[in-house]
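Contents: one structure, followed by commentary.
Here, each number is a calculation from the coordinates, and none is a lab measurement. No experiment lies behind these values; they were computed from the predicted model shown. A quick note on method: Cβ atoms are made from the backbone with ideal geometry, for glycine too, and the neighbour counts reach across all protein chains shown.
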Amino acid sequence: MTVAVGDKIPDVEVKVLGADGMPTSVSTGEVLGSGKVVLFGVPGAFTPACSGAHLPSFVTGADALAGKGVDAIVCVAINDAWVLDAWADAHGAKGKITMLADGNGTFADAMGLSFDGSGFGLGKRSLRYAAVIEDGVISRLEVEESPINVDVSSCQFVLSTL
């Protein structure tokens, strides 16, 4: 079942790349549970819509989100921490967006927002979405009708709703 507005964000273990270049465990409750957070989920780093539109919209919109009271911008994908770090580096996202590696899809499953992309050789993936989370509670959730769309999950759309 998909999470809904008013639900507490699932608290599961994911990874971030540590200062030593090794994946470090963090809990989504810790990363997403305090303040106003914009979370966006993507099907995969370095994929066309994710790299061409989704991540770049949040990189260029980071200051505008901060101006609307957003404390943190977080991206989650079913990729490993090294891939997400390289993706953040390639798009100038470091220092603006926290990258959460949900390598096994545990968080996507807990959110009810995973899909089977094996028909495309992708295995389990996250649906494309954006959520506003306030002190650990989902206050807004927009899920794209298709994983290739970047409409209601774009930074511009999120900004229009804040």
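Each peptide in 58-69, 7-18 was scored by the mean count of other Cβ atoms within 10 Å over its residues; highest first, the order is 7-18, 58-69. Couplings for the stretch 45-60, taken from phi via the Karplus curve 6.51 cos²θ - 1.76 cosθ + 1.60 with θ = phi - 60°, read 4, 6, 8, x, 5, 5, 7, x, 9, 5, 4, x, 5, 7, 5, 6 Hz in order; Gly and Pro are left as x. Couplings for the stretch 128-133, taken from phi via the Karplus curve 6.51 cos²θ - 1.76 cosθ + 1.60 with θ = phi - 60°, read 8, 7, 9, 9, 9, 10 Hz in order; Gly and Pro are left as x.
Using C-alpha pairs below 8 Å separated by at least 6 residues, the relative contact order for the chain is 31 percent. Annotation: amide H of ARG128 within the under-5 Å range of GLU144, sequence separation 5 or more or interchain, hydrogens built in the peptide plane.
If you take the Cα centroid of the stretch 1-48 and the Cα centroid of the stretch 52-86, the two points sit 11 Å apart. Close amide H pairs (under 5 Å, H built 1.01 Å from N) link ASP7 with ILE138, residues at least 5 positions away or on another chain.
The alpha-carbon of LYS68 sits under 30 angstrom from the alpha-carbons of these lysines, leaving out residues fewer than 8 places away in its chain: LYS8, LYS15, LYS36, LYS94, LYS96. Of ASP109, ASP85, ASP102, ASP20, the sequence from fewest to most neighbouring Cβ atoms within 10 angstrom is ASP20, ASP109, ASP85, ASP102. Using the alpha-carbon positions of the chain, Rg (one decimal) and Dmax (whole number) come out as 14.1, 41 Å. Whole-Hz Karplus values for the stretch 94-103 come out as 4, x, 10, 10, 7, 9, 9, 8, 9, x Hz, taken residue by residue from phi with 6.51 cos²θ - 1.76 cosθ + 1.60 and θ = phi - 60°; glycine and proline positions read x.
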